[in-house]
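**Q** My questions all concern the structure below.
The values are calculated or read from the model by the stated rules, or taken from the named source; none is laboratory data. The shown structure was predicted, so the numbers you read here are calculated from the model rather than taken from an experiment. Here the Cβ is made from the backbone with ideal geometry for all residues, glycine too, and neighbour counts use every protein chain on show. Side chains included, ligands, DNA and RNA excluded: accessible areas come from the protein's heavy atoms. Shrake-Rupley method; radii C 1.70, N 1.55, O 1.52, S 1.80 Å.
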Amino acid sequence: MERVRAGLIGAGGMANAVHYPSLAEFPDVELVALCDLMPDKREKTAGRFGIPKTYGDYREMLDREELDAVWVLMPPHHLFDIVIQCVKRKKHVFIEKPPGVTYDQSRMMALACEQNGVLGMCGFNRRYIPLIRKCRERVDERGGVIQCVSTFYKFHVHGRPYYEGAIDILSCDAVHAVDMLRWMGGEPAHLAAHVARRGNTFDDSFNALVQFESGATGVLLANWCVGARTHSFEMHGMGISCFINPDDRALIFVDGKLDPEVITTQEAAGSDERHNFYGFCAENRHFVDCVRSGSTPSSSLDDATRTMRLVNQIYATPVDGSREHWPGR
Ligand SMILES: NC(=O)c1ccc[n+]([C@@H]2O[C@H](COP(=O)([O-])OP(=O)(O)OC[C@H]3O[C@@H](n4cnc5c(N)ncnc54)[C@H](O)[C@@H]3O)[C@@H](O)[C@H]2O)c1
């Protein structure tokens, strides 16, 4: 494959801010056609990125264009049908997080990819943030993660539910922190969780203690009715501790020394641009490389489904044994 022929569905915020700017930098990707329901959005976006063909109906685009892979950049409740149609037409598919609205949607999309012999990838971009990768390398040099913490906080008091309630906060957005917990610690073996409704009419506080199959310990702390958006990770190994704010810097402490090594997120990425230092460029590069080589993406839809399963487990394993926050309650 000389160049990956890319079809693009969605000309919205994330597409314009981070994904198409990333793809436009790759010499081995050809932006063949773009589809969006909104004529003004698709024409503006096509003009900005020099995309020669535009469509209002994605099925027409899939029927007419020869594409290797399709980026479906859509709110989660609009994903499923489009992804299935792409996969049935044997196109590799990249989607934003979350991978559908539920574990089951994610699993069925992953299964469809497997049955049709195509790759599916979910853009869990935090895994691909260069600063986080650097810290992970340092911890792996010392035998791997033995303890990790994943936090995500937002100020969303008396807020509207996501997409008018089409999806819950943990599955939609705090899922970044859940995915990172799995990425740092591995597969969960046991957990106890505390989910609560504090400042909203829907669940807005999600906390869990996880024992991983490796024996490592993980902690999730996520709350949508606190001070402001803050997002951090801790990765600890034997004699090493990384405290990471992916928007800013990491402090790396080794062997009892109180003076940490400091790496900024921009230094780690070699760029001041958000699509580079926040992992979006790297995740797109990874997907394109996987399409070219036929290898499975790190955050394949199958892998992303395991993150959605952990989301379900957090709801279903309350520390006090109550069933107040079970899905479908
Ligand atoms: N990774 C991150 O940090 C991050 C941050 C924000 C959002 N997201 C995710 O990105 C995804 C996209 O969010 P967004 O804010 O870019 O969305 P958006 O609403 O800005 O854009 C979606 C676009 O899709 C178009 N569209 C909808 N249905 C369509 C259809 N059937 N055919 C063609 N076009 C259609 C809409 O007209 C719109 O232009 C969401 O899943 C969200 O969770 C991820």
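Residue by residue, here is whether (1) outside the structural domain of Q85 (by TED's automatic domain parsing); (2) within 16 Å of the ligand (Cβ to nearest atom); (3) among the aliphatic types (A, V, I, L, M); (4) in a loop (DSSP other than H, G, I, E, B) holds:
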{"residue": "S106", "(1), (2), (3), (4)": "no, yes, no, no"}
{"residue": "R136", "(1), (2), (3), (4)": "yes, no, no, no"}
{"residue": "C148", "(1), (2), (3), (4)": "yes, no, no, no"}
{"residue": "V157", "(1), (2), (3), (4)": "yes, no, yes, yes"}
{"residue": "E164", "(1), (2), (3), (4)": "yes, yes, no, no"}
{"residue": "D179", "(1), (2), (3), (4)": "yes, yes, no, no"}
{"residue": "H194", "(1), (2), (3), (4)": "yes, no, no, no"}
{"residue": "N200", "(1), (2), (3), (4)": "yes, no, no, yes"}
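**Q** Take residues that are outside the structural domain of P161 (by TED's automatic domain parsing), open to solvent by 60 Å² or more (accessible area, probe 1.4 Å) and not polar (S, T, N, Q) and tell me which of the strands (runs of 3 or more DSSP E) falling wholly in segment 9-88 contain 1 or more. Spell out the reasoning first.
**A** Details: elements: 29-35, 53-55, 69-72.
Passing ranges, in order: 29-35, 53-55.
**Q** Which number in (1) within 15 Å of the ligand (Cβ to nearest atom); (2) aromatic (F, W, Y); (3) surrounded by fewer than 24 Cβ atoms within 10 Å (Cβ to Cβ) marks the one condition that F124 misses?
**A** Checking F124 against (1) within 15 Å of the ligand (Cβ to nearest atom); (2) aromatic (F, W, Y); (3) surrounded by fewer than 24 Cβ atoms within 10 Å (Cβ to Cβ), the one that fails is (3).
Yes/no per residue for (1) of a type in the set (F, W, Y); (2) open to solvent by less than 40 Å² (accessible area, probe 1.4 Å); (3) under 16 Å from the mean Cα position of the chain (by Cα):
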| position | (1), (2), (3) |
| --- | --- |
| S150 | no, yes, yes |
| G159 | no, yes, no |
| D179 | no, yes, yes |
| G199 | no, yes, no |
| S205 | no, yes, no |
| L209 | no, no, no |
| E213 | no, no, no |
| R229 | no, no, no |
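**Q** Also, I was wondering about something else. Just one of D259, D255, D302, D289 is touching a helix residue (DSSP H, G or I) at 6+ places or on another chain (Cβ under 6 Å), among the acidic types (D, E) and at pLDDT 95 or above; which is it? Please lay out each step first, then the result.
**A** Working: D259 fails: touching a helix residue (DSSP H, G or I) at 6+ places or on another chain (Cβ under 6 Å); D255 fails: touching a helix residue (DSSP H, G or I) at 6+ places or on another chain (Cβ under 6 Å); D289 fails: touching a helix residue (DSSP H, G or I) at 6+ places or on another chain (Cβ under 6 Å).
The unique qualifying residue is D302.
**Q** Which condition breaks for I95 when tested against (1) more than 11 Å from the ligand (Cβ to nearest atom); (2) buried (at least 21 other Cβ atoms within 10 Å of the Cβ)?
**A** (1)
**Q** Looking only at segment 1-38, which residues are within 16 Å of the ligand (Cβ to nearest atom), of a type outside the set (A, V, I, L, M) and within 14 Å of C86 (Cβ to Cβ)?
**A** Hits for segment 1-38 are G7, G10, C35.
**Q** Now for a different question. I'd like to verify a number: residues in segment 239-256 that are polar (S, T, N, Q) and touching a Pro at 6+ places or on another chain (Cβ under 9 Å), how many? First the steps, then the outcome.
**A** In the first step, residues of segment 239-256 are kept if they are polar (S, T, N, Q); the result is 241, 245.
Right, trim to touching a Pro at 6+ places or on another chain (Cβ under 9 Å) and you get 241.
Qualifying residue count, segment 239-256: 1.
**Q** In segment 108-121, what count of residues is obtained for those that are in a helix (DSSP H, G or I) and buried (at least 21 other Cβ atoms within 10 Å of the Cβ)?
**A** 3
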